[in-house]
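Everything on this sheet refers to the single structure shown next.
The values are calculated or read from the model by the stated rules, or taken from the named source; none is laboratory data. Quick caveat, the model's predicted, so the values are computed rather than measured. Cβ coordinates were reconstructed from backbone atoms using ideal geometry, including for glycine residues, and neighbour counts include every protein chain displayed.
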Amino acid sequence: MAEHLLVSIGKARFSDPDRHLIPFVNDIEQDKFLNDIENTPHAFVLACLMDRQIKAERAWSIPYRIKDIVGSFNIDDLASVSLEEYKNIFNRNILHRFNDIMAEVFYSAVQDIKVKYNGDASLIWSNNPSSAKVVYEFLQFKGSGKKIATMAANILARQFKIPFSDYYSIDISPDVHILRVMRRTGLVDSNADLDSIIYKARELNPEFPGIIDFSCWETGRTWCRPNNPNCNECIIRDDCKKVIF
C-alpha cells in the first residue's frame, strides 16, 4: 500500500532539523515563554496538563498567567504557593472551566516536579529516553491520561526535536479535528471510535504512529472544517476520499 500523504507530510516535517517557535497561544511573548524548555521546562509540562476540555490557547496560557499573578515562575516559588491559594487564583481569574480540579492538578504537578525531578522537569526527557519512558513519566502526573501523555511526548519529539531512542509508543492523540479528518479521508469508517483512530495510525506508520498527529489536526482546523470544508486548498486533497457525512 502506498504511503498516505498524511504520513509523508509528517515525515517531512519531522526530518526538518530546525526547531521553530511553536505558536501554542499565538502571542509572541507567551509562546517564547512556553518554548523555552531549556530554562523553564516546567511551563511546558504544566501547560500540557491544563489542556483539558477548553480551547487549547486558553489552556496553554495558564502557566504564563500564573507567572504574572505569582510574580515568579521559579519552581521553588511556585511550590511555596498553597493549594488553597492556587484554587483562589484559578477561581478569581477564571483560568479554566474546572477551576478547583485544575488548581489541584497544577499544584500537584509543581510539587512532583520539585520533589521527583529536583525542580528540573527536563529530566523527564533527558538522556535519549525511550518513548515509552517519556509517556510513562507524564502519565504519573495527577490529571494526566494517555491523550495528554502522548501529546506531550509527540510535541517534544516532533517540534522540540528532543532525541528519543525510539518513537513506537507515541500514539496519535485524537480530538474532534483529527477524528473528523480520519473519517473524511476514508482512513477509518464514519462511525470509528478513538481506539480505532489510534490503531489505524499505528498501521499507517508503526515506528512513529503519532507522526500524523499535527498534520491531521492542522488539516481539520484549517481546511477540513465541520461545515463548508475548503477541499480545494487542503494539503491532503490529493489523497482524500472526501467522505462528507
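Observations
- Output for the stretch 27-59, where each listed residue is of a type in the set (S, T, N, Q) and modelled with pLDDT of 95 or more: 30, 35, 39, 40
- Subset of the stretch 14-39 [out of contact with any Pro (no Cβ under 8 Å at 6 or more places or on another chain) and surrounded by 15 or more Cβ atoms within 10 Å (Cβ to Cβ)]: 14, 22, 24, 25, 27, 30, 35, 37
- Here residue 143 clears all of (1) within 17 Å of residue 51 (Cβ to Cβ); (2) at pLDDT 95 or above; (3) buried (at least 21 other Cβ atoms within 10 Å of the Cβ) except the condition numbered (3).
- Boolean, residue 70 is buried (at least 18 other Cβ atoms within 10 Å of the Cβ) and either over 20 Å from the mean Cα position of the chain (by Cα) or not acidic (Asp, Glu) (or both): no
- Considering residues of the stretch 76-133 that are within 21 Å of residue 53 (Cα to Cα) and either of a type in the set (Asp, Glu) or at pLDDT below 95 (or both) only, the residue surrounded by the most Cβ atoms within 10 Å (Cβ to Cβ): 104
- Only one entry in 161, 142, 147 is out of contact with any Phe, Trp or Tyr (no Cβ under 6 Å at 6 or more places or on another chain), over 19 Å from residue 207 (Cβ atoms) and not in a helix (DSSP H, G or I), namely 142.
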